[in-house]
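Here the structure is laid out as structure tokens; the discussion comes afterwards.
The values are calculated or read from the model by the stated rules, or taken from the named source; none is laboratory data. Since the model is a prediction, treat every value here as computed from it, not as a measurement. Neighbour counts are summed over all protein chains in view; Cβ atoms, including those assigned to glycine, are modelled from backbone coordinates with ideal geometry. These area figures cover heavy atoms from the full protein model, side chains too; ligands, DNA and RNA do not enter into them. Shrake-Rupley method; radii C 1.70, N 1.55, O 1.52, S 1.80 Å.
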Amino acid sequence: MKKIIAAALLSLIAFGASAERADSLKQAVINFDTLDVDEVTQTRILTGNVVLTRGTLVLKSDRALVKETPEGYMSVTLTANNGKIATFRQKRDGGPDLWVEGQAQRIEYDERAELVKLFSNAEVRELENGRMTNEIQGPFISYDNRREVATVRNDASGASKVGGGRGTLILAPKRTTSEGAKQ
């Protein structure tokens, strides 16, 4: 049992493999149906099939609130209409075909802090060569890319509450053949 818990903890630590660093230096391209801009506060509200692309980072939702700091850092809040989800996908550093992707009712992305928070029906998956290697599901997931740490809580508020929801951690086998079967 201790080995299973240790493996789960190690997997959570490994789960946060670094996102593609070059993405933050690329322009953001946002497609949408409608846009309202406030240049004084550097706030943009986009609605209708919003797709934000910045390098390998792709964010999708029904609505996005995009704010930009004077230094040029973005914070994005994605919200999905009832019955739909907001999504993100980004290439990870460390290999040619490593990805992280997630979905939730609401996603908050803070570029400066390199933090992604997923609220309500949250899921985050790591993919390697198109194969899922790890998956976390829960009411709330916070993914700190800088520290490479994921936090899962049983309530969409980001807190753990008695009687709250439950999370799921799925660890795919590291071996892809029977190489370890003889042990």
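Observations on the model:
- Residue order by solvent-accessible surface for Val149, Val66 is Val149, Val66, largest first, with ligands and nucleic acids left out and a 1.4 Å probe.
- Pairs over the 25 Å Cα-Cα cut-off, from the set Lys26/Lys91; Lys91/Lys161; Lys91/Lys117; Lys117/Lys174: Lys91/Lys161; Lys117/Lys174.
- Approximate spin-label separation Ala159-Gln42, in nm, with each point projected 7 Å along Cα-to-Cβ: 3.2 nm
- Mean sequence separation of contacting Cα pairs (under 8 Å, at least six apart), scaled by the length of the range 111-160, corresponds to a relative contact order of 35 percent.
- Taking a straight line from the alpha carbon of Lys60, these aspartates and glutamates sit under 14 Å away, with near neighbours fewer than eight places off in the same chain left out: Asp33, Glu101, Glu108.
- The mean sequence distance of close C-alpha pairs (under 8 Å, at least 6 residues apart), as a share of the length of the range 37-86, puts its relative contact order at 30 percent.
- Between Asn134 and Glu126, Ala172, the built amide H atoms are under 5 Å apart, and every one of these is 5 or more places off in sequence or on another chain.
- Computed with a 1.4 Å probe on the full set of protein chains, the accessible area for Glu128 sits at about 80 Å².
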